[in-house]
Amino acid sequence: MAGTTGKGFYVGMVLGMVMMSSMAASCAANFFQDTELTWGGDRGKVLNGGQLLTLSLDKFSGSGFQSKKQFLFGRIDMDIKLVSGNSAGTVTTFYLSSEGPNHDEIDFEFLGNVSGDPYILHTNVFAQGKGNREQQFYLWFDPTRNFHKYSIVWKPQHIIFLVDNIPIRVFENEESKGVPFPKDQAMRMYSSLWNADDWATRGGLVKTDWSKAPFTAYYRNFKATDLISSSSSSDSFSDSKVQSNEIDANGRRRLRWAQKYFMIYDYCTDLKRFPQGLPPECKRSRF
């Protein structure tokens, strides 16, 4: 099948790029200095002199941490290795959020599954307290075997979600159409591991198997880059240097590849959910 051939070609290209990315120099934050454990007691641990952080979940509680600093625009990177084995019912998160009832939020959520079934990567954007802008993806690798980089690029013009430096989603600023966009509230980075077996796996049909607890997720290489004052970034969205964290032609091809082969839900195509018409931002993106 032509689709399978194209998928295999791009997977090979992706793996090569990931290997190149892993060899690039990185100036990662120190978890002791730049984050704080916020809940879960000793279920959250900072190890290896601040270079590794683990979150655990058992029947009594999950755990979480946050950045000490707030950010107004920037690029946020985190390497994560997800809960292995039967992770059904668990949710691992990595997101930006402001505070208050009219908060802004940019989400990565990883919905666990039974052994052998893929994780679902759930993305969402909240502006002024309103979300409902979900896109969901399968991943083209096993996210439990090794660390993989998940990134949020937040600029006044758009938000870009990346996996191993490959753009999977772009949410553009459509304020000219009356669509709220997160641009006025500073946000912190948050991460957590918690039980959501009332909805996370097959709509709550599959419950958490507590005999497999504790469940553990691993974090490293947290990095925050100020894109407003910085003239360049250490990473790019293609094989060539992209100084402004935009997407070039190669990046647009990768975005289309990710959405064609791995997107499993897009609110912009859910006519049953929006019988009166799709949201105004759901016109065809320039990407």
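Side notes on the structure shown:
- The numbered conditions (1) within 29 Å of Val114 (Cβ to Cβ); (2) open to solvent by 10 Å² or more (accessible area, probe 1.4 Å) are all true for Gln66 except (1).
- The residue that is farthest from Trp210 (Cα to Cα), among those in the stretch 38-53 that are touching a residue at least 24 places away in the same chain (Cβ under 8 Å) and surrounded by 19 or more Cβ atoms within 10 Å (Cβ to Cβ), is Leu53.
- When Ile76, Ile80 are checked against the criterion of being more than 27 Å from Ala213 (Cβ to Cβ) and among the β-branched types (Val, Ile, Thr), Ile76 stands alone in meeting it.
- Of all residues in the stretch 36-79 being in a strand (DSSP E or B) and basic (Lys, Arg), the one that is farthest from Arg188 (Cα to Cα): Lys45
- Counting only strands (runs of 3 or more DSSP E) that sit completely within the stretch 104-149, those holding 1 or more residues that are among the hydroxyl-bearing types (Ser, Thr, Tyr) correspond to 120-126.
- Residue among Leu121, Leu162 that alone is aliphatic (A, V, I, L, M) and over 20 Å from Thr269 (Cβ atoms): Leu162
- Scope the stretch 112-123; condition at pLDDT 95 or above and open to solvent by 10 Å² or more (accessible area, probe 1.4 Å); matching residues: Tyr119, Ile120, His122
- Leading residue by the ranking (nearest to Asn86 (Cα to Cα)) among those in the stretch 131-182 that are open to solvent by less than 40 Å² (accessible area, probe 1.4 Å) and of a type in the set (Gly, Ala, Ser): Ser151
- Odd one out for Thr201 among (1) closer than 26 Å to Asn146 by Cα; (2) modelled with pLDDT under 95; (3) touching a strand residue (DSSP E or B) at 6+ places or on another chain (Cβ under 8 Å); (4) open to solvent by 30 Å² or more (accessible area, probe 1.4 Å): (4)
- Options Ser151, Ser115, Ser97: the member that is without any contact (Cβ under 8 Å) to a residue 60 or more places away in the chain and within 30 Å of Ala213 (Cα to Cα): Ser115
- Of all residue pairs spaced 6 or more apart or on separate chains, those with beta-carbon atoms under 7 Å, a first member in the stretch 178-197 that is in a loop (DSSP other than H, G, I, E, B) and a second member that is basic (Lys, Arg) and surrounded by fewer than 21 Cβ atoms within 10 Å (Cβ to Cβ) are Pro180/Lys130; Asp197/Lys207.
- Filtered residues of the stretch 25-37 (kept if crowded, with 18+ Cβ neighbours inside 10 Å and within 18 Å of Thr93 (Cα to Cα)): Phe31, Thr35, Leu37
The values are calculated or read from the model by the stated rules, or taken from the named source; none is laboratory data. Model, not experiment: these values are computed from the prediction. Glycine gets a Cβ as well: all are built from the backbone with ideal geometry, and neighbour counts include every protein chain shown. In case anyone asks, the SASA skips ligands and DNA or RNA and just uses the protein heavy atoms, side chains included. Shrake-Rupley method; radii C 1.70, N 1.55, O 1.52, S 1.80 Å.
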